[in-house]
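Okay, structure first, notes after.
Bear in mind these aren't lab numbers, they're just calculated from the coordinates by the rules spelled out. Just so we're clear, the structure is a prediction, and the values are computed from it rather than from any experiment. Note: ideal-geometry Cβ built from the backbone for every residue, glycine included; neighbour counts use all protein chains shown.
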Amino acid sequence: MAELRIEIPEDLKRKMEKFRIDWSQVIRRMIEEEIQNLERLEEIVSRSQMTEKDAFELADLLPTLKGEGSP
């Protein structure tokens, strides 16, 4: 199995140490979920007929469609 090294702030490390959890397993699961999300997004995008120009035009319209003052 491959290894991945990450750096985290000291305060986060102290918080993690309070719990008896296999953090490797937690992080592995989170990475797997993120990869699944990205693969789904990649699949959707690959089937889309929207061009990059269309996407930018739609992005420009969003504030108008949403309503400038709406949250």
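Here are the numbers:
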| read-out | value |
| --- | --- |
| In segment 3-20, the residues that are exposed (fewer than 10 other Cβ atoms within 10 Å of the Cβ) and either touching an Asp or Glu at 6+ places or on another chain (Cβ under 9 Å) or part of a loop (DSSP other than H, G, I, E, B) (or both) | 3, 4, 5, 6, 7, 9, 18, 19, 20 |
| Residues satisfying the stated conditions in segment 21-63, i.e. in a loop (DSSP other than H, G, I, E, B) and over 30 Å from residue 2 (Cα atoms) | 48, 49, 50, 51 |
